[in-house]
Amino acid sequence: YDYVFYGRITAIFGGNPFHQLILEFPKDPFFYYTVARAYPSAYGPLWEMLAGLTARLAGNGIITNVIAFKLLTGIFYLASVAVIGLFIYRTTPDKALPGILILGWNPVALYETWGNGHNDMAMVFWVILAVSLINRKRYSLATLSLVAGALFKYIPILLVPIALLIGFYSLERF
C-alpha cells in the first residue's frame, strides 16, 4: 500500500514522494492501509514515475490498485524470466528450460512478486539484463542497465564500478 500511496502523491496530488509524507494526506482512502506514513519514499525516481502512472490508471479503487501494482511487478518478473531464458539459450540451449524454471517457478520469487507485489523484481530485471549484456560484451549498455536499476532501487549502483572494470579489462591492449 505504501507503493500505491507514493504513486498517488505523484499522480493524484501532484506532489513529490521524496519530499512529502503520507501523513500529509490523512483523508485519502489508502491512508489507513499504509505503514511508512512518516517517511518519504526510499525508492528511486523511475520507480516512483511508474508508480504514479500505475496509481493514475488504477484510480481510487483499493482492489484495482493492488492488482495493478502486482501486475506492474509481475511484468518485470516475466521480463526477467525471458532475459534469463534468452541468455541461457544463447550459451547452452539444452539447459534453457531448466534455467527458466529455476526463476519462473521459484516459490519465493513468485510469492514476493505476484503475492506481495514487491518492487524488488523491477530492480532485479535491470541487473539480470546487465549480466546478459556483459556476457555479450555490451559494457556501456550493461552499465546503463545498472543505472536504470538504481533508479528503481539504489542497490544496483554498487555494481556499476564492477561492470566498468569488466569493460575496462576487456579492452584490447596495444
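Quick look at the values:
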quantity	calculated
For the chain, size of Cβ-based charge dipole, Lys and Arg +1, Asp and Glu -1, in debye	360
Mean separation of Cα contacts under 8 Å, 6 or more apart, over the residue count of the chain: relative contact order %	20
Mean Cβ neighbour count within 10 Å, used as a protection proxy, ranking 139-145, 119-125 highest first	119-125, 139-145
Heavy-atom accessible surface of the chain: percent carbon and sulfur, 1.4 Å	71
Probe 1.4 Å, protein heavy atoms only - accessible area per residue of the chain in square angstrom	57
Selected from THR54, THR73, THR64 as most flexible by GNM, with the chain as the system and alpha-carbon contacts under 10 Å	THR64
Positive minus negative residues near ARG56 (Lys, Arg vs Asp, Glu; Cβ under 15 Å)	-1
FRET efficiency, 1/(1 + (r/R0)^6) with R0 30 Å, evaluated for ASN106 and LEU23 via beta carbons	0.25
Within a Gaussian network of the chain (alpha carbon springs, distance under 10 Å), most fluctuating of LYS70, LYS153, LYS95	LYS95
Ellipsoid semi-axes in whole angstrom, largest first, where each is sqrt(5λ) of the Cα gyration tensor of the chain	34, 20, 11
GNM result for the chain, Cα springs below 10 Å: residue of VAL108, VAL127, VAL147 fluctuating most strongly	VAL108
Phi-based couplings in Hz for the stretch 69-83 (Karplus 6.51, -1.76, 1.60; Gly and Pro marked x)	6, 5, 5, 4, 5, x, 4, 5, 4, 5, 5, 5, 4, 5, 5
Dipole magnitude of the stretch 18-101, debye to nearest 20 (Cβ charges: Lys/Arg +1, Asp/Glu -1, about Cα centre)	120
Between 0 and 90°, nearest 10: helix 160-170 axis offset from the chain longest Cα axis	20
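The values are calculated or read from the model by the stated rules, or taken from the named source; none is laboratory data. Since the structure is predicted, the reported quantities are computational estimates derived from the model, not experimental observations. So basically every Cβ, Gly included, is an ideal-geometry build from the backbone, and we count neighbours across all protein chains shown. Surface areas here come from the heavy atoms of the whole protein model, side chains and all, with no ligands, DNA or RNA. Shrake-Rupley method; radii C 1.70, N 1.55, O 1.52, S 1.80 Å.
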